[in-house]
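What follows is calculated from the coordinates using simple rules that are stated; it is not laboratory data. Note that the structure is predicted; figures quoted are calculated from it, not measured. Please note: Cβ atoms are built from the backbone with ideal geometry, for glycine as well, and neighbour counts cover all protein chains shown.
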There are 2 protein chains.
Amino acid sequence: MTNNKPLKDVIVLDLTRVLAGPYCTMILADLGAEVIKVERPGVGDDSRAFGPFINGKSAYFISLNRGKKSIVLNLKDEKDREIFKQLVKKVDVLTENFRPGTMEKLGFGYEELKKINPRLIYAATSGFGHTGPKSKKAAYDMIVQAAGGIMSITGHPGGPPTRVGASIGDIIAGLFTAIGVCAALYQREKTGKGQKIDVAMLDSQVAILENAIARYIVTGEPPKPLGARHPSITPFEAFKAADDWVIIAIGNDALWAKFCKAVGREDLIDHPEFATNAKRTENYDKLKPIMDEIISKKTAAEWIEELDKAGIPVGPINTIDKLFEDPQIKARNMLVDVNDPEIGKMKVAGNPIKMSSFEDEKDRQPAPNLGEHTEEILKRFLG
Amino acid sequence: MTNNKPLKDVIVLDLTRVLAGPYCTMILADLGAEVIKVERPGVGDDSRAFGPFINGKSAYFISLNRGKKSIVLNLKDEKDREIFKQLVKKVDVLTENFRPGTMEKLGFGYEELKKINPRLIYAATSGFGHTGPKSKKAAYDMIVQAAGGIMSITGHPGGPPTRVGASIGDIIAGLFTAIGVCAALYQREKTGKGQKIDVAMLDSQVAILENAIARYIVTGEPPKPLGARHPSITPFEAFKAADDWVIIAIGNDALWAKFCKAVGREDLIDHPEFATNAKRTENYDKLKPIMDEIISKKTAAEWIEELDKAGIPVGPINTIDKLFEDPQIKARNMLVDVNDPEIGKMKVAGNPIKMSSFEDEKDRQPAPNLGEHTEEILKRFLG
């Protein structure tokens, strides 16, 4: 195996804070980029103050900023502004997730920065984007989950609103920004020129509504939440076994026949109301009690073993602690150690992009203390 | 504005079906790649048969495959295998989302294909990944949402399991695969070599659990679902106004003070139980009825107008139909038209990666009929 990360030698000047931006630059760092966080004097990234804490350090901050460097600059101070400009000249990528207009007010909008460095890739992640009537509005994850439609289709019919348990309003915007940065790096190899990338959290939510938009277009009815059930595949749902919930996902008619055999209900295979996926979905209300009755007879663990042997997609609903015991997650190196000098080893999520050009390390460098690399970076870039 | 898409001249031979893989190649197509879908004779991509349908065509298939081409090949037929190998020689990227081992059985594993084309970027998206003890198991979105932990933190305390309403088990794996492909294209410019990318849906779910893993590490307790509430920021939740739900997201103490003033409850600003975010989160059960009482006095629309004016993050829970009326989503070109020759114009989600190197079109080319481009592609690549 060669051991060259794809983004090695790429330098990212990272003005992002909290989640959407830092998530993007975490991925870039995992792929080999050198990420230099530019932080405000005194406090730095707001998320340094977000719990939960270990020995006074934010576990949240550490998990998102492992392996990055930190330089403290006051972008309103003349001397620091000069340093900033010198850095902009020498880096490949600048990332920011300020409210649109903030960088322009500082005199560091893309139009200014590209004069200093025409090869600069300037990636902005914001709530509503750098254009449009709501551009300047503040956004938080939940505002965007709600505005973008996903909350309206998550939860139980007739029940209260339900937020997706991870901050996907931020995270998905971070993922799209990372795609934009890598695509722009590729394009720069051809053209020699940088560009601006503008990713909005709201847009990113709209982009993940694969079948909800299609369903609305076709039926004219806004789709509703369906609990733990797939909208158009049946049975494909969480069922209550004797002791606990279990997911059974019967994605096609061949699996339906296999399932009916495995549970001794061959009579259902060609049943006129259940023979095809379309029929099963249409007659969901009739099938549901039959399924509930079948599944209630054994424990979740028994079903997982039996149905898995029969080749039927089945699985548990894992709580977070179970991830730490899963042999597959271990084999895939998806929980890695951050070696923090003050708190020791701490587990964080690993890098899911496994590439044959490099071996994924078992651990990660620590997240930086505020301004830890100021001197090193000034020396290296400004002499 | 120049008008060069970043992936122009990149050719993707796309063996993917249904969602995770096609979502990835949809993004690559939006960024300018030429995506050639290789489909089985007779049926093609399974999702051609998935509802909802317009005039007998799958709206689901169209939304994910707009702008791609289709060639029909039987990879078990000698003549078609030869054609496939000729195509592999001439393309940049191959994508597949078969169960691991399928391509090897066909004699087309990465180790074989790189002999034919050492510059080939081979991107595999699968349920559990190409390594590890569960590698060969089948996965569907809900199995992975459940196994990866997000279902355990989505929903209401004590309530039944809740699936995230979009298929994020597939979609997030598609996003990570797209990052891998773009990073590998960039790396190939430096090294001249292709590589294999291996992204698992399960890994991708673990990767988005930003603060759930951190909370578990610190407390030793697996985090539980919290309804529509943020785990560590308060108040940050869906509240029931006089007529409907409204999201209010008070992300810091300055916003708390502003909010208290806006609702005429200055007494709460420095209240010993609510003065800081940490206090408000700790005393959530005391604050909740106070908030409920305040918010119940006006309609959602009134709160959105008033609090927005006061600079407090606030917003509606939009159903899917509302996205079509949102001026910001319109201004950002996030619902674009596919011009299908048989069904006319159909709206699909747009591209959220806005890049200054190209202007995002207002419409998209149609999804291909099965084998629509077989002849064209054979002529062009094989003469």
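Nearest 0.05, what FRET efficiency do B:I116 and B:D9 give at R0 = 22 Å with Cβ-Cβ as r?
0.65
With just the Cα atoms defining each centre, how far is segment A:1-28 from segment B:196-271? Give it in Å.
That distance is 26 Å.
Who wins for biggest fluctuation among B:R66, B:R265, B:R99 in a Gaussian network model of chain B, springs between alpha carbons below 10 Å?
B:R265
Please list the non-local residues whose amide H lies under 5 Å from the amide H of B:K57, H modeled 1.01 Å from N, same-chain partners needing a gap of 5 or more.
For B:K57, whose amide H was placed from the backbone, there are no distant partners under 5 Å.
Calculate the all-directions average of the projected area of segment A:246-326's alpha-carbon convex hull, and give it in nm².
Numbers: hull surface 22.9 nm².
Its Cα hull, projected and averaged over all orientations, spans 5.7 nm².
With θ set to phi - 60°, apply the Karplus curve 6.51 cos²θ - 1.76 cosθ + 1.60 along segment B:344-356 and write out the HN-Hα couplings as whole Hz, x wherever there is a Gly or Pro.
Working through the residues one at a time gives x, 7, 9, 7, 9, 5, x, 9, x, 9, 8, 10, 6 Hz.
Under a Cβ-Cβ cut-off of 14 Å, what is the net charge of the residues other than A:K37 that fall near it, where Lys and Arg count +1 and Asp and Glu count -1? Mind dumping the intermediate values first?
On the way: positive: A:R17, A:R40, A:R48, A:R66, A:K68, A:K69; negative: A:D14, A:E34, A:E39, A:D45, A:D46, A:E96, A:E372, A:E376.
Spelling it out: positives minus negatives among the neighbours equals -2.
Check cross-link reach from A:K261 to the aspartates and glutamates: straight Cα distance under 18 Å, and skip same-chain residues fewer than eight apart.
Candidates past the 8-residue exclusion: A:D253, A:D270, A:E273, A:D292, A:E293, A:E302, A:E305, A:E306, A:D308.
What is the distance in Å between the Cα centroid of segment B:129-152 and that of segment A:325-368?
First find each Cα centre; the distance between them is then 19 Å.
Counting alpha carbon pairs within less than 8 Å and at least 6 residues apart, what relative contact order, in whole percent, applies to chain A?
Relative contact order here is 18 percent.
Quantify how strongly other chains surround peptide A:58-66 by giving the mean number of their Cβ atoms within 10 Å of each of its Cβ atoms.
On the way: counts 2, 8, 7, 1, 2, 6, 3, 0, 0.
Other-chain Cβ atoms within 10 Å of each residue's Cβ, averaged: 3.
Of A:K258/A:K286; A:K240/B:K57; A:K8/A:K362; A:K57/B:K224, which pairs sit farther than 26 Å apart, going by alpha carbon to alpha carbon? Each step should come with its number before you reach the end.
Numbers: A:K258/A:K286 20 Å; A:K240/B:K57 36 Å; A:K8/A:K362 18 Å; A:K57/B:K224 23 Å.
Flagged as over cut-off: A:K240/B:K57.
Dividing the alpha-carbon radius of gyration of segment B:29-115 by 2.2 N^0.38 Å (N being the number of residues), what value is obtained?
1.20
Isolated Cys in the protein assembly as shown by the 4.7 Å beta carbon test?
Flagged as lacking a Cys partner: A:C24, A:C260, B:C24, B:C260.
Restricting to bridges with both residues inside segment B:1-136, how much of the DSSP beta-bridge set is antiparallel, in percent to the nearest 5?
For segment B:1-136, the DSSP antiparallel bridge percentage is about 10.
What ranking of B:K354, A:K79 emerges when the number of other C-beta atoms within 10 Å of each C-beta is taken as an exposure proxy, fewest first?
Going from sparsest to densest Cβ surroundings: A:K79, B:K354.
Top mean-square fluctuation among A:P316, A:P327, A:P352, Gaussian network model of chain A, C-alpha springs under 10 Å?
In this elastic network of chain A, the residue with the biggest mean-square fluctuation among A:P316, A:P327, A:P352 is A:P327.
Exposure proxy check: A:I121, A:I171, A:I116 ranked by fewest other beta carbons within 10 Å?
In increasing order of surrounding Cβ atoms, one gets A:I116, A:I171, A:I121.
What nm distance separates the two modelled labels at B:D337 and B:D270, each placed 7 Å from Cα along Cα→Cβ?
Label at B:D337, label at B:D270, 6.1 nm between them.
Please report Rg (one decimal) and Dmax (integer) in Å for the Cα set of the protein assembly as shown.
Here Rg and the maximum Cα pair distance are 25.3, 80 Å.
Under the Karplus relation 6.51 cos²θ - 1.76 cosθ + 1.60, θ = phi - 60°, what is the ordered set of whole-Hz ³J(HN,Hα) values for segment A:159-173, x standing for Gly and Pro?
Once rounded to whole Hz, the list reads x, x, x, 10, 7, 5, x, 9, 7, 6, x, 6, 5, 5, 4.
Given R₀ = 25 Å, FRET efficiency for B:K105-B:D46 by Cβ-Cβ distance, to 0.05?
Approximately 0.85, to the nearest 0.05.
Suppose R0 equals 45 Å; then what is the FRET efficiency for B:L382 and A:V218 from their Cβ-Cβ distance, rounded to the nearest 0.05? Let's see the in-between values first.
Working: r = 39 Å, r/R0 = 0.86.
Efficiency for this residue pair is about 0.70.
What three numbers, in Å, describe the spread of the alpha carbons of segment B:42-180 along their principal axes, ordered from the longest?
Here the Cα extents, ordered largest to smallest, are 57, 44, 25 Å.
In percent, how large is the relative contact order of segment B:58-166, given Cα pairs closer than 8 Å and 6 or more residues apart?
Details: 92 pairs, mean separation 19.8, N = 109.
In percent, rounded to a whole number, it is 18.
Tell me, what does the Kirkwood hydrodynamic radius of chain A come to in angstroms if you use every pair of distinct C-alpha atoms?
Details: mean 1/r = 0.0421 Å⁻¹.
For chain A, inverting the mean 1/r across all distinct Cα pairs yields 23.8 Å.
Given Cα positions, please report Rg to Rh for segment A:236-383, the hydrodynamic radius being the Kirkwood one.
Numbers: Rg = 24.2 Å, Rh = 19.4 Å.
Rg/Rh for segment A:236-383 comes to 1.25.
Taking only Cα atoms and a 10 Å spring cutoff, compute GNM fluctuations for chain B and point out the largest among B:N283, B:N97, B:N74.
For chain B, modelled as a Gaussian network with Cα springs under 10 Å, the answer is B:N283.
Classify segment B:321-383 as rounded, prolate or oblate from the Cα gyration tensor: take a ≥ b ≥ c as the square roots of its eigenvalues, call it rounded if a/c is under 1.5, otherwise prolate when a/b beats b/c and oblate if not.
Note, shape of segment B:321-383 comes out oblate.
Put a label point 7 Å from Cα along the Cβ direction on B:E325, then list its distances to the equivalent points in the other copies in nm, shortest first.
Label point to label point, same position, other copies: 5.0 nm.
Sketch the reach of a paramagnetic label on A:K345 as a point 7 Å from Cα along Cα-to-Cβ, and name the residues of segment B:177-207 whose backbone nitrogen lies under 11 Å away.
none
P(r) of segment A:5-69 in 5 Å steps, Cα pairs, percent per bin?
Bin by bin from 0 Å, the calculated values are 4, 20, 28, 24, 15, 7, 3.
Can you pull out the trypsin sites (Lys or Arg not before Pro) in segment A:278-312 that DSSP calls coil and that have at most 16 other Cβ atoms within 10 Å?
Passing both the DSSP loop test and the Cβ count: A:K297.
So what is the relative contact order of segment A:89-147, in percent, for Cα pairs below 8 Å that sit 6 or more residues apart?
38 percent
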